[in-house]
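S.K.: Sharing a structure here in structure tokens format.
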Amino acid sequence: MAAKPRQKQEEMAAATIDMIGEDLLHNILSKLPAVECAAAACVSRSWNLIITRLLSLPNLSSSLSRNPNLQITCRFGSRIPVITSISQGIFGKDAYTNEFEEVQWDTFEDDEAHEDLGNENRGVLLTVGFLPGLTVDLIPLSKTQGNQVLMIDDLVLSIREHSSSHSGSAPPMGILLFSDEDTDIKPVLEKLDYAFSTETVIVGDGGSQFLYRGDTAINRSNNKASSSAAVALLFSTDRGKPPGVGETQFHVMLSTGISPIGPAYKAVSVRERPKDYSTWLTAKREAVRESLDGQTILDQIYDELGGHINCPALYVGVTKRRKCSIGQEKPSWINMHEFHEVLRGDEEYLYVHGVGIRSGDFFQFYQAKSDLARVSCNHVSNSFRHLRQDLNYQSDDHTNGNGLDMHKKSVFGGIMFACCGRGKLFFGEPNVDGSPFLENFPGVTFSGTYCTGEIARGDLSSYGQGSQEHSSVRCCLHVFSTVYLVMSYTPALP
């Protein structure tokens, strides 16, 4: 009889943690920091198998803080590309409250005169990604300091070369672009859109201040008297990825916030003012011979709006037909649509922000509307709902805590670029822009910034103009919009 308790003790000693089941063990190990998780792979063959799978999964982590005395102590290796962007606001999960917050701030030319405002509308957002199966390169867009010429062809050729060195003939997976606020990013986007297939995702912030760091930064220009006007974070498929690593995919959605009003106009007299980065122009309507001055044109638009009202934001969308080429390649014709903010009008000219308009270009006015933007957000939410169904999104105990299932296609992260004119003041309530993602992918990492130019490849069909003609007109820099970059993962077959 005395042997039975001893036998029971031996049986209990023989029981291991492996007996709790693979799913539960997976959830426990997924909570470990990366270094400790990797070390635990030496415990047993079953642990090694689970941890190898875990370390083959992509991950996106993000956190927001409004602490004015915050000190970031984590360190990244010298080969980890880092981009620091000074934006118009941030959106993400607060590190202290664990709640999603939308933080927008005003920018003042004289910061000293507003020191009394404190740090209530300030904050920092840190987003870190791990994407196995993809390579990442930092490629700056150089400009000569003397004449401020953008080395756009060098940027495109560098992207081509480094993408092909990693992926072979496959096109780049994606380009995350950050542009200096003083850089005219439109011609850059024109060439990027022309040079790469539609499979390549291009999104980003078209007007901010930025810094970048990383030993992987690539610059074709040997001109020492050059500086960076923008920086591209290039994602390429790694054809040498290890076994067991699945496929990461990027998905882009666009919520628009402007609608066309009034008739189409044709530019007649055009004067560019590079010093103040503006254009003065006269125009005429179709079937009308005489040219119209700026005040007459605006009066017609105000009539369309129901009288002389103060429209929160008024733009002209200009359709441009231009020749485009890269390097010594034969040029081809492209059709683009670009937005220019309306500054004012008088008895001589209509004044708009930006350059690049030519006599003969057609344009139409657009106004910002919060109700339209809200409807567009609902459309994005419906698209996310379909994506969720297509990818068999899981949010139960079989995921790794970030919505990522080891055995099914899943969404594991999202990044948002929203116009600084949107947000709480525009909609009358917070988190409208973030709600499409948050409602469809709860628990999945999501963060974003507010900017002054939202980059996303698309065409005029995004603005409710869905004819065959408009689908061939490209539009890559948007206003009063929100761009959503969603990342999904398909596990490798066993």
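The values are calculated or read from the model by the stated rules, or taken from the named source; none is laboratory data. All values reported here derive from a predicted model rather than from experimental measurement. Backbone-built Cβ (ideal geometry, glycine too); neighbour counts: all protein chains shown. Accessible surface is based on the protein model in full, side chains and every heavy atom, while ligands, DNA and RNA are left aside. Shrake-Rupley method; radii C 1.70, N 1.55, O 1.52, S 1.80 Å.
S.K.: Out of the residues in the range 182-192 that are under 11 Å from L477 (Cα atoms) and part of a helix (DSSP H, G or I), which is nearest to the chain's Cα centre (by Cα)?
M.R.: Selected residue: L189.
S.K.: Within the range 203-236, take every residue that is at pLDDT below 95, out of contact with any Asp or Glu (no Cβ under 7 Å at 6 or more places or on another chain) and hydroxyl-bearing (S, T, Y) and give me the one that is surrounded by the fewest Cβ atoms within 10 Å (Cβ to Cβ).
M.R.: Out of the qualifying residues, it is S227.
S.K.: For the range 84-105, indicate whether the set of residues that are over 30 Å from A492 (Cα atoms), over 25 Å from the mean Cα position of the chain (by Cα) and touching a residue at least 24 places away in the same chain (Cβ under 8 Å) is non-empty.
M.R.: yes
S.K.: To continue, here is another question. Just checking, how many residues over the range 265-285 are hydroxyl-bearing (S, T, Y), open to solvent by 40 Å² or more (accessible area, probe 1.4 Å) and under 32 Å from the mean Cα position of the chain (by Cα)?
M.R.: Residues that pass the stated criteria total 1.
S.K.: Taking R271 as the residue in question, decide whether it is out of contact with any Leu (no Cβ under 6 Å at 6 or more places or on another chain), touching a residue at least 24 places away in the same chain (Cβ under 8 Å) and assigned to a loop (DSSP other than H, G, I, E, B).
M.R.: No, not satisfied.
S.K.: Looking only at the range 398-418, count how many residues are at pLDDT below 95 and closer than 23 Å to L372 by Cβ.
M.R.: The qualifying residues number 0.
S.K.: Considering only the range 33-77, how many residues are among the aliphatic types (A, V, I, L, M), over 18 Å from F412 (Cα atoms) and open to solvent by 70 Å² or more (accessible area, probe 1.4 Å)?
M.R.: 5
S.K.: Of G262, G294, which residue is on the phi < 0 side of the Ramachandran plot and open to solvent by less than 60 Å² (accessible area, probe 1.4 Å)?
M.R.: None of the others qualify; the one that does is G294.
S.K.: Considering only the range 64-102, state which residues are among the hydrophobic types (A, V, I, L, M, F, W, C) and either touching an Asp or Glu at 6+ places or on another chain (Cβ under 6 Å) or not in a strand (DSSP E or B) (or both).
M.R.: The answer is L64, L70, I72, C74, F76, I80, F91, A95.
S.K.: Being of a type in the set (V, I, T) and either open to solvent by 50 Å² or more (accessible area, probe 1.4 Å) or touching a residue at least 60 places away in the same chain (Cβ under 8 Å) (or both) is the filter here; which residues of the range 413-469 pass it?
M.R.: I415, T445, T449, T452, I455
S.K.: Please find, within the range 141-167, the residue that is farthest from G414 (Cα to Cα) out of those that are of a type outside the set (V, I, T) and open to solvent by less than 20 Å² (accessible area, probe 1.4 Å).
M.R.: Taking the candidates together, the pick is S142.
S.K.: Separate question: Suppose we filter the range 327-342 for residues that are surrounded by fewer than 16 Cβ atoms within 10 Å (Cβ to Cβ) and not acidic (D, E); how many remain?
M.R.: So the answer is 6.
S.K.: Additional query: Going residue by residue through the range 315-324, is there one that turns out to be surrounded by fewer than 19 Cβ atoms within 10 Å (Cβ to Cβ) and out of contact with any Phe, Trp or Tyr (no Cβ under 8 Å at 6 or more places or on another chain)?
M.R.: no
S.K.: Consider S227 against the criteria (1) small (G, A, S); (2) closer than 30 Å to P171 by Cα; (3) in a loop (DSSP other than H, G, I, E, B): it satisfies all of them except one. Which criterion is unmet?
M.R.: (3)
S.K.: Quick one: G306 ticks every box in (1) at positive phi; (2) assigned to a strand (DSSP E or B) bar one, so which box is it?
M.R.: With (1) at positive phi; (2) assigned to a strand (DSSP E or B) applied to G306, the lone miss is (2).
S.K.: Further question: Just a yes or no: is a residue in the range 369-378 in a strand (DSSP E or B) and either in contact with a Phe, Trp or Tyr (Cβ under 6 Å, 6 or more places away or on another chain) or closer than 27 Å to L485 by Cβ (or both)?
M.R.: No, that holds for no residue.
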